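What follows draws every value from the coordinates through simple rules; no lab data is involved. Source: prediction; values computed, not measured. Ideal geometry is used to build each Cβ from the backbone, glycine not excepted, and the neighbour counts take in all protein chains shown.
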Amino acid sequence: MSIRRQAGCGRNSCGEVLMKIRAVYPGTFDPVTNGHLDLVHRCSALFDEVVVAVLRNTEKIPLFAIEERVQMLENVVRRLPNVSVTTFEGLLVDFAVRSGASVIVRGIRAVSDYEYELQMAMMNRRLSAKVETVFMMPAEAYSYLSSRLVREISLLGGSVHGLVPSLVERRLKQMYGRRI
Ligand code: PNS
């Protein structure tokens, strides 16, 4: 069974048709961290096109409005020509198929992530066999980093320097003030 879906194609020097692989990297990104960014760079090197897709979640109240999360992401990926940022709502697999993506990328930081991610990947496979989930690991330095911890540390006056892009750090300081 082929899970490859064309995001466009070209030919190599032997005249063989090469299919381009488009990957979706979905998430809440509230806010984007250096761990997310590390993964985007790895995806950008591995896939022909990468769509960073921010979930429009009506259930959770985010710290940053979706427009601001998208702006921050666009800013930090601006030097990666094969990466774009968009939003989605509804089922992730439907969005992936609509976007011509054959791959969903999810980051795995530690074994504790695996169970939830496996459940989601299996369910997504059941929902659509056209899309394959690929797990990728960020650099070790980000293995304990999460947006939730970044929000909590900022709220409580701690430093998130080195954990988030500088524009996110500045924005968090504006929101919570510099207390340390
Ligand atoms: O950054 P997050 O919060 O871990 O991302 C979770 C996300 C957005 C990937 C997940 O909640 C999702 O895919 N939501 C879309 C709705 C959906 O497809 N649900 C079924 C998943 S099996």
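Would it be correct to say that I21 is of a type outside the set (S, T, Y) and exposed (fewer than 15 other Cβ atoms within 10 Å of the Cβ)?
So I21 does not fit the description; no.
Taking segment 19-38, which residues are more than 20 Å from R98 (Cα to Cα), within 10 Å of the chain's Cα centre (by Cα) and near the ligand (Cβ under 9 Å from one of its atoms)? Answer for segment 19-38, where residues must be more than 20 Å from R98 (Cα to Cα), within 10 Å of the chain's Cα centre (by Cα) and near the ligand (Cβ under 9 Å from one of its atoms): F29, H36.
Residues are listed down the side, and each one gets a yes or a no for (1) more than 26 Å from S154 (Cα to Cα); (2) not charged (D, E, K, R):
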site: P31; (1), (2): no, yes
site: V40; (1), (2): no, yes
site: V52; (1), (2): no, yes
site: K60; (1), (2): no, no
site: A101; (1), (2): yes, yes
site: R106; (1), (2): no, no
site: M123; (1), (2): yes, yes
site: K130; (1), (2): yes, no
site: T133; (1), (2): yes, yes
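Across segment 90-114, what is the total count of residues that are more than 15 Å from the chain's Cα centre (by Cα), within 20 Å of I21 (Cα to Cα) and near the ligand (Cβ under 8 Å from one of its atoms)? Residues that pass the stated criteria total 1. If you filter segment 115-146 down to residues that are in a helix (DSSP H, G or I) and more than 13 Å from the ligand (Cβ to nearest atom), you find that the one that is farthest from E49 (Cα to Cα) is E115.
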